[in-house]
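Peer 1: Would you mind keeping the following structure in view while I ask a few things?
The values are calculated or read from the model by the stated rules, or taken from the named source; none is laboratory data. Because the structure is predicted, anything quoted here is derived from the model rather than measured. No Cβ is skipped: glycine too gets one built from the backbone with ideal geometry, and neighbour counts run over all protein chains shown.
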């Protein structure tokens with residue numbers, strides 16, 4: 001029997017099939033693959049494909065890009081078997097409109113003006129709230145301002161990222177009330193290598209909600 005959770009869980013930065021399989025077994029609604037070559041979690045489309053074709057059909061396969069062009073995204077989606085795209089750079093609404101899939105846009109929340117910026121994205125784009133980091137573009141382990149994130153989450157559907165761990169995810173969800181949470185470094189033994197016990201701890205914490 002499938003458990004219905006109050007919050008969706010996305011585990012990002014997948015590089016190994018065994019990690020993706022465990023995340024899906026535990027109840028992940030989505031897994032993410034990073035196609036930005038400067039990331040320590042970078043995978044090629046072929047490497048991602050070898051993992052995505054083993055996953056249950058109901059689990060979303062999300063590709064993470066930083067300032068890509070439209071053709072790069074389209075080609076990678078086909079080769080890697082992706083169902084959605086997450087943009088972590090300075091992408092425009094026009095690029096989001098041009099992509100033939102669900103688009104998640106990472107937005108930083110670090111001040112009142114960033115709240116308005118997050119709310120300004122069209123409703124068809126799912127906003128992911130993360131810490132601003134122009135160098136690493138996510139996976140930093142730094143925590144988002146939950147009060148600002150809650151303001152955004154009260155007015156639109158969001159995924160909450162930024163420094164979430166099995167220890168703090170329950171408190172984060174209670175404070176922010178996001179549609180979903182997105183974890184990467186918080187469930188890792190090393191960049192791109194998930195820790196099975198941390199993954200289990202994550203889903204145990206979410207199940208307490």
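Peer 1: How many residues are surrounded by fewer than 19 Cβ atoms within 10 Å (Cβ to Cβ), under 11 Å from residue 178 (Cβ atoms) and in contact with a helix residue (DSSP H, G or I) (Cβ under 7 Å, 6 or more places away or on another chain) when one looks only at the stretch 151-163?
Peer 2: The number of residues fulfilling the criteria is 1.
Peer 1: Going through the stretch 2-15 one residue at a time, which ones are part of a loop (DSSP other than H, G, I, E, B) and on the phi < 0 side of the Ramachandran plot?
Peer 2: Within the stretch 2-15, 2, 3, 4, 5, 6, 7, 12, 14, 15 qualify.
Peer 1: Which condition does residue 203 not pass, out of (1) modelled with pLDDT of 95 or more; (2) out of contact with any helix residue (DSSP H, G or I) (no Cβ under 6 Å at 6 or more places or on another chain), if it passes all the others?
Peer 2: Checking residue 203 against (1) modelled with pLDDT of 95 or more; (2) out of contact with any helix residue (DSSP H, G or I) (no Cβ under 6 Å at 6 or more places or on another chain), the one that fails is (2).
Peer 1: Counting only residues that are under 19 Å from residue 84 (Cα atoms) and modelled with pLDDT under 90, which one in the stretch 107-138 is surrounded by the most Cβ atoms within 10 Å (Cβ to Cβ)?
Peer 2: Selected residue: 138.
Peer 1: Tell me, yes or no, whether the stretch 158-176 has at least one residue that is modelled with pLDDT under 95 and either under 24 Å from residue 123 (Cβ atoms) or out of contact with any strand residue (DSSP E or B) (no Cβ under 7 Å at 6 or more places or on another chain) (or both).
Peer 2: Yes - at least one qualifying residue is present in the stretch 158-176.
Peer 1: Inspect the stretch 59-82 for any residue being modelled with pLDDT under 95 and closer than 28 Å to residue 197 by Cα and give the result as yes or no.
Peer 2: no
Peer 1: Let me ask something else. So which of 31, 78 is touching a helix residue (DSSP H, G or I) at 6+ places or on another chain (Cβ under 9 Å) and surrounded by 22 or more Cβ atoms within 10 Å (Cβ to Cβ)? Talk me through it step by step, then tell me what you get.
Peer 2: On the way: 78 fails: surrounded by 22 or more Cβ atoms within 10 Å (Cβ to Cβ).
Being touching a helix residue (DSSP H, G or I) at 6+ places or on another chain (Cβ under 9 Å) and surrounded by 22 or more Cβ atoms within 10 Å (Cβ to Cβ) holds for just one of 31, 78, which is 31.
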